[in-house]
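Novice: Pasting a structure here, questions to come.
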Amino acid sequence: MIKLNYEEFAERELNKLIDIQEKFLEEFNLNSYKHWFYESEFSILRLFNNEQEEIFFNYIPIGTFSNNTMTWMWSWFNKSSIEPNKNETLKVKDFGLENKYEKLFDGTFTANEYDASQLLSISFYILNGIGIYKVTSDHLDKYLILTSVIENKNSAEITKMKQNNIKCEYHGFARYAFVCQHLNFEHKTGFEEAFETFPNMNLNDDEDLQAWCNDCEKIRISTNGWNEESERYANIRLICEYCYFELKEFNLK
């Protein structure tokens with residue numbers, strides 16, 4: 001048997017994955033879902049429009065591609081990746097060492113989006129997934145191999161996943177956010193934030209999405225910060241992450 005060089009092998013697997021993915025998208029009608037959310041603690045991906053229209057998958061995190069630095073990083077090399085099954089990608093690394101495919105065993109390196117697609121297709125071949133999914137947060141693309149559909153939506157993992165989020169009447173379960181009582185979808189009131197945010201961004205344990213209107217900002221400044229008086233005027237309420245960014249878009253466009 002003639003051994004393929006890396007580019008030949010990667011191209012072959014990419015072409016195979018394209019066909020598999022087309023059938024996968026059609027089978028589960030994935031393009032019909034507008035929103036995504038993944039829970040790193042359980043390696044679960046949720047695609048949804050609302051609580052009635054949702055689907056859950058188990059996934060393996062393969063790696064990330066930065067559009068800012070033009071670099072690829074394998075999940076096994078990524079210290080910020082907390083998925084319990086990320087070391088499944090070490091099988092890809094071992095395969096690379098065995099076949100002397102350098103891109104499969106270098107933890108991080110300069111790359112482009114086409115490289116990322118090839119790396120994903122090789123991982124799919126080795127790890128036997130049912131489909132793939134890419135999530136994008138700001139400049140970072142995260143590549144996932146979906147390994148199975150979760151049929152039991154009352155499983156312990158999904159139940160805990162939902163407990164960690166707020167239930168929104170429009171979007172179902174999603175991360176919570178805090179806004180003042182004056183932010184609405186009828187009148188533009190300005191949009192001040194605790195820090196710059198973007199949809200689906202990763203948050204540290206001590207960070208929350210927080211926003212308030214221009215009038216609240218004036219009160220906050222005049223009373224030297226958040227205190228009993230400024231908080232009483234703001235009357236902060238709890239909403240979901242998707243409502244938060246819809247409010248942000250409405251107020252800033």
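The values are calculated or read from the model by the stated rules, or taken from the named source; none is laboratory data. Keep in mind it's a predicted model, so treat the numbers as computed, not measured. So basically every Cβ, Gly included, is an ideal-geometry build from the backbone, and we count neighbours across all protein chains shown.
Novice: Considering the range 212-234 alone, what residues qualify as being aliphatic (A, V, I, L, M) and touching a helix residue (DSSP H, G or I) at 6+ places or on another chain (Cβ under 7 Å)? Talk me through it step by step, then tell me what you get.
Specialist: If we filter the range 212-234 for residues that are aliphatic (A, V, I, L, M), which is where we start, we get 219, 221, 234.
Answer for the range 212-234, where residues must be aliphatic (A, V, I, L, M) and touching a helix residue (DSSP H, G or I) at 6+ places or on another chain (Cβ under 7 Å): 219, 234.
Novice: Scanning for something at pLDDT below 95, in contact with a Ser or Thr (Cβ under 7 Å, 6 or more places away or on another chain), part of a loop (DSSP other than H, G, I, E, B) and not hydroxyl-bearing (Ser, Thr, Tyr), does the range 39-57 turn up at least one residue?
Specialist: No - not one qualifying residue is present in the range 39-57.
Novice: I would also like to ask the following. Here are 15, 58: which of them is within 23 Å of residue 122 (Cα to Cα) and more than 16 Å from the chain's Cα centre (by Cα)? Walk me through how you get there before you give the answer.
Specialist: Working: 58 fails: more than 16 Å from the chain's Cα centre (by Cα).
From the options 15, 58, the qualifying one is 15.
Novice: Taking the stated definitions as given, is residue 233 at pLDDT 95 or above and assigned to a helix (DSSP H, G or I)? If you could, list the steps in order and put the result at the bottom.
Specialist: Working: at pLDDT 95 or above: yes; assigned to a helix (DSSP H, G or I): yes.
The answer is yes for residue 233.
Results for (1) assigned to a strand (DSSP E or B); (2) surrounded by 15 or more Cβ atoms within 10 Å (Cβ to Cβ), shown as yes or no for each residue.
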| site | (1), (2) |
| --- | --- |
| 109 | yes, no |
| 116 | no, yes |
| 126 | no, yes |
| 129 | no, yes |
| 132 | yes, yes |
| 142 | yes, yes |
| 147 | yes, yes |
| 152 | no, no |
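Novice: Which residues, taken from the range 48-58, are buried (at least 21 other Cβ atoms within 10 Å of the Cβ) and either on the phi > 0 side of the Ramachandran plot or touching a helix residue (DSSP H, G or I) at 6+ places or on another chain (Cβ under 7 Å) (or both)? Reasoning before the result, please.
Specialist: First pass over the range 48-58, keeping only residues buried (at least 21 other Cβ atoms within 10 Å of the Cβ): 56-57.
Of everything in the range 48-58, just one residue is buried (at least 21 other Cβ atoms within 10 Å of the Cβ) and either on the phi > 0 side of the Ramachandran plot or touching a helix residue (DSSP H, G or I) at 6+ places or on another chain (Cβ under 7 Å) (or both), namely 56.
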